[in-house]
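Structure record follows, encoded as structure tokens.
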Amino acid sequence: MAKLKRLTNQSDDIFQVIVPVSDEELLNREKNYLLMPDNRFATKFRGALFQPVTIRYKEKEFLIQMNTCINPYCYNFGRSQITYDSKGKPKRFKLALSQSKSQNQSRLVCNPDPICSSSSVLGCSNVTVSNWAVAEEIKRLSLINTILPIEPEYEFHKSGCENEYITPFTQKSAFRKCGKSSSNSQKYQCKSCKKITNVLPTTKESTTYHQKRNDILPLFAELITNRTPVNRVIEILDIGAQTYYSKLEWLYRKCLEFQERHEAKLKEKNFKEVWINTDKMIYYLNNVRKTNAGSKYLLEQEEKQFPTQVVISSDNDSRYVFRADVAYDWDITLAEISKHTSAYKDDHLHTFAQRYGHLRFPYAPQPPTEFDKQTHIEYEKERTNFVRRADYIDGLHINSTYTTIAHFWHLKQLLNAKEWRVTTDQDASINSALMRVFAKEVGLTDLHHFIYKIDKSKTLRESLKDFQDSRSAIKNWAINSGLEHKGVFYLAELMLEEQLKTHKFYEEFKKEGRTARKWAQNPIDHPIPFRDTGYATVDCTTDISSCEPIELARMLLKVNNKSTDTFINQIRRRLSILERPLVTSRGDGKSYIYSNFNPKYAQYAITILRTFYNFCMPFKAFGELATPAQRIGIVEKIYSWEDIIYLR
């Protein structure tokens, strides 16, 4: 029988990141820290740029190395760093360092290949990332979406009992059952020492273990997913604020249990072709000061609202939402960062060599050394900003590129697909993360990436006119081409095929006497716009030169952003703490009065809504009313909140 589950914590050893710094290097850092200027120290220990980081997850080992060329048309795309055996010993990539103190914009530049003169190295440049920080972010997303069985330690015998090493799980004949407790847990009595012990109930015996007011749970779930503010939920259910958040965490755990049970089937499915739409949503965190941390009217304080990003990926066809991850680490502490900085000297390293390079504060500022280029005034200012953060809500924002990389990495582990088709908007961080994680698939042309852009300045009236005009244009083209009148989608496919015979998403050019290709940034109009968005453009960043026009036309017709857009709209309309800002009473600005103070609860609420959206919210398409989970093929029925809460 299934055991009761709990959320994971930092002490659980389900995901290991192997420290990429040896003891010898650690001693060298300690010795050179006081003897070198900060820039020379960073240069000496910049080997972490291409050093893979090993992670152990689910009894497997993975190597994380995300610093490479991310241009699919370049010969160096996805390749590792090497030193060429030629004059001067040049390397495949060179590092272009930033001039700023933070060094956040250090870039990787492709060098020409001196050995293979026919290779098309395009001199690409992209921002470096910390492999260690990527591994830590992958670990964080794993922990917050994982539950573990509760494993209590029982004492079934009194001291000195002759059967002290026997348990009812290994030898039931040595015990007798003594009924059940009020929580429906089984009682066992040792036949020798007569000690009575309660064991934890299974999920079948008790679905609401250690939960009071169980009768309010379905209504509680309905209220929080129907845009009811926190205080109104508390008033309606007659509960306290602490009870509200404990119920929210409990429901979050139940949703993870429900997903774990059904998404196991998703991992077993083999997709011939999977269409994924990835997008980001921004909401504003109310950055409040802690109790007794000073007046809110102090001049020296942080911004009151922080833009916080949520990365979302869903299936284009079924609208099943695979993941939704908030780019915020609520478990990290400034004390932990300070301890690590003291040990590993991260304050003198490049960002790509730091463990916490993905965080808003990647290191704790340290007093300048004798040879340090930083002045004491600069240090005091930097230190003040770091220390001031402790007065605000726990945790730190994360560079969304790292969250997106980890997001795609987990998505890759979740799905078994032969061919990948990914649609995004023109977001550089999403595109960069995609090329890093799926470099092998892109290189084998098993993955194609499409950019779908709409004109957000259009009114609904203009969008509707585009929708109507597009139908007329397709029919007129069919008449002029002498085609019989058939379905709009069929005619649009033929029209697009004709356009693609001359339209290219790449361009060819001569380089040292040979032909090379590069991304042309030449989008094409999507022939069938939506009523609410109007005409959109579609571009392809990967090499599709081997695709026939008819094959490419079929792919382009499937490109859209409706799946994630629909879910984001549900978030805005159904979750009070994530709704759009309100206009202030003065009319001179925006109010984020309902925004939450802790992004942990935003992650909880989004996961709860995602479970309800996938398994309980049917929509009609092609004459069929079904939920996203039914359409993707992992369940056969429409579920309810009672099914999720009580694990029916």
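A short reminder: the numbers here are calculations on the coordinates, not readings from a lab. Predicted, not measured: the structure shown is a model, and the values here were computed from it. Glycine also receives a Cβ, built like all others from the backbone with ideal geometry; neighbour counts cover every protein chain displayed.
Some values worked out for this structure:
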{"item": "Inter-part distance where region 230-292 and region 514-565 are each reduced to a Cα centre, Å", "result": "34"}
{"item": "Under-5 Å amide H pairs with Leu4, H placed in peptide plane, nonlocal only", "result": "Ile150, Thr203"}
{"item": "Out-of-range pairs (alpha-carbon distance over 18 Å; input Lys60/Lys339; Lys418/Lys453; Lys5/Lys267; Lys212/Lys247; Lys44/Lys345)", "result": "Lys60/Lys339; Lys418/Lys453; Lys5/Lys267"}
{"item": "Cβ-defined net charge surrounding Arg631, 14 Å radius [Lys, Arg +1; Asp, Glu -1]", "result": "+2"}
{"item": "For Ser86, Ser130, order by how many other beta-carbon atoms lie within 10 Å, fewest first", "result": "Ser86, Ser130"}
{"item": "Whole-Hz couplings from phi, Karplus 6.51/-1.76/1.60, listed for region 184-197; x for Gly and Pro", "result": "6, 8, 6, 9, 10, 10, 5, 6, 8, 9, 6, 6, 9, 9"}
{"item": "Amide proton proximity set for Ala536, modelled H, under 5 Å, gap of 5+", "result": "His526"}
{"item": "Spatially proximal lysines relative to Lys195 (Cα-Cα < 21 Å; intrachain offsets below 8 disregarded)", "result": "Lys158, Lys172, Lys177, Lys180, Lys187"}
{"item": "Normalised contact order of region 154-198, rounded percent, pairs of Cα under 8 Å and 6 or more residues apart", "result": "39"}
{"item": "Region 370-413: GluC sites (Glu not before Pro) falling in loop per DSSP and having at most 16 other Cβ within 10 Å", "result": "Glu370"}
{"item": "Long-range HN-HN contacts of Asp317 with modeled amide H, under 5 Å", "result": "Trp275"}
{"item": "Residues Ile606, Ile571, sorted so that the one with the fewest Cβ neighbours within 10 Å comes first", "result": "Ile571, Ile606"}
